[in-house]
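Enquirer: Can you keep this structure in mind? I'll have questions shortly.
The values are calculated or read from the model by the stated rules, or taken from the named source; none is laboratory data. Note that the structure is a prediction, hence the values are computed from the model and not measured. Positions of Cβ are backbone-derived with ideal geometry, glycine not excepted, and every protein chain shown enters the neighbour counts. What goes into the accessible areas is simple: the full protein's heavy atoms, side chains included, and nothing from ligands, DNA or RNA. Shrake-Rupley method; radii C 1.70, N 1.55, O 1.52, S 1.80 Å.
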Amino acid sequence: MTALVTARLKDEGYEVFTGRDGSLLPTFLANVRPDLIAMKAGRNLAIDIKERRVARPGGVNLSERARQAQVALADHPEWEYQLVSVSPDSLDPDLTATDRRTVEDRLARIDSILRATGPDMALVSAWATLEAAARWRWPERLAQPQMPAHLVGLLASEGYLMLDEERRLREVQNLRNRVVHGDLEVTVSEADVAAVTHAVHLLLEHAPADAAE
């Protein structure tokens, strides 16, 4: 549950840290210890995560925690407390990893999609291919649908992206998000699509020899 919420926050541009690491907590939150803290310019969040129908370990009363957090943050308007309730039933089902040939076939079709529908739809298809390629590479780690920011972070942390490639892909990630969420005014270029297909090529070319075919 925590990983799911963390991925969503990172997709929104937050830096996310576990509240269990007391060294990262502001002193005014030391007695609250939220599950997560999330920070970005102008807005910081203290977050507790509640799984519906599952009791909190140790009999923790989240309503009391919420009251304590609100008191602690009363003099800090740049901070906000959130209690995030996640239902196990709402989680996306596991996805089956595709094979390398299918990824390569879809990658080869991106140019045709680009010519037929334009860069915005080609970008959506290219990003889907990137996620499929990553799931082929890490089938167990990526069994569920991935937030774009988490996907880019994984590729970077595993050494598939240079710093400039990561930065460029994060720019394109934001364009992809705007397209799929209905921003009809966003401008997508062929170079944006190419940045994503380049990442797919990197995954295919540099996968270890024992990666599944």
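Enquirer: From Ala207, Ala194, grab the single residue that is over 21 Å from Leu123 (Cα atoms) and more than 19 Å from the chain's Cα centre (by Cα).
Expert: Working: Ala194 fails: over 21 Å from Leu123 (Cα atoms).
When all the criteria are applied, what remains is Ala207.
Enquirer: Of all residues in the stretch 130-157, which are in a helix (DSSP H, G or I) and more than 9 Å from the chain's Cα centre (by Cα)? Lay out the reasoning, then the answer.
Expert: Step one: of the stretch 130-157, the residues in a helix (DSSP H, G or I) are 130-137, 148-157.
Scanning the stretch 130-157 gives Leu130, Glu131, Ala132, Ala133, Ala134, Arg135, Trp136, Arg137, Leu154, Leu155, Ala156, Ser157.
Enquirer: A further question on this structure: Met121 passes all but one of (1) crowded, with 17+ Cβ neighbours inside 10 Å; (2) of a type in the set (A, V, I, L, M); (3) in a helix (DSSP H, G or I); which number fails?
Expert: Tallying (1) crowded, with 17+ Cβ neighbours inside 10 Å; (2) of a type in the set (A, V, I, L, M); (3) in a helix (DSSP H, G or I), Met121 fails exactly one: (1).
Enquirer: Does the stretch 98-118 contain any residue that is among the polar types (S, T, N, Q), assigned to a loop (DSSP other than H, G, I, E, B) and within 24 Å of Glu12 (Cβ to Cβ)?
Expert: Initial filter on the stretch 98-118 (among the polar types (S, T, N, Q)): 98, 102, 112, 117.
Those left that are additionally assigned to a loop (DSSP other than H, G, I, E, B): 98.
Next cut, within 24 Å of Glu12 (Cβ to Cβ) only: none.
The answer is no, given that none of the residues of the stretch 98-118 is among the polar types (S, T, N, Q), assigned to a loop (DSSP other than H, G, I, E, B) and within 24 Å of Glu12 (Cβ to Cβ).
Enquirer: Filter the stretch 161-180 down to the residues that are of a type in the set (A, V, I, L, M) and in contact (Cβ under 8 Å) with a residue 40 or more places away in the chain, then identify the one that is surrounded by the fewest Cβ atoms within 10 Å (Cβ to Cβ).
Expert: First pass over the stretch 161-180, keeping only residues of a type in the set (A, V, I, L, M): 161-163, 169, 172, 175, 179-180.
Filter again for in contact (Cβ under 8 Å) with a residue 40 or more places away in the chain, leaving 161, 172, 175, 179-180.
Working: Leu161: 22, Val172: 24, Leu175: 22, Val179: 19, Val180: 13.
Here the answer is Val180.
Enquirer: List pairs: first residue in the stretch 181-194 and of a type outside the set (S, T, N, Q), second residue open to solvent by 50 Å² or more (accessible area, probe 1.4 Å) anywhere in the structure, Cβ distance under 7 angstrom, at least six positions apart or on different chains.
Expert: Hits for this filter: Val186/Arg178; Val188/Asp120.
Enquirer: Looking at Arg135, is it open to solvent by 50 Å² or more (accessible area, probe 1.4 Å) and in contact with a Ser or Thr (Cβ under 8 Å, 6 or more places away or on another chain)? Outline the logic, then answer.
Expert: Values: open to solvent by 50 Å² or more (accessible area, probe 1.4 Å): no; in contact with a Ser or Thr (Cβ under 8 Å, 6 or more places away or on another chain): yes.
No; evaluated as a whole, the condition is false for this residue.
Enquirer: Does Thr96 meet the test of being polar (S, T, N, Q), modelled with pLDDT under 90 and either within 30 Å of Ala207 (Cβ to Cβ) or surrounded by 16 or more Cβ atoms within 10 Å (Cβ to Cβ) (or both)? Reasoning before the result, please.
Expert: Details: polar (S, T, N, Q): yes; modelled with pLDDT under 90: yes; either within 30 Å of Ala207 (Cβ to Cβ) or surrounded by 16 or more Cβ atoms within 10 Å (Cβ to Cβ) (or both): yes.
Yes: the conditions hold for Thr96.
Enquirer: A follow-up question, please. Going residue by residue through the stretch 138-148, is there one that turns out to be within 15 Å of Ala199 (Cα to Cα) and touching a His at 6+ places or on another chain (Cβ under 9 Å)?
Expert: Looking for residues that are within 15 Å of Ala199 (Cα to Cα) and touching a His at 6+ places or on another chain (Cβ under 9 Å), one finds none in the stretch 138-148, hence no.
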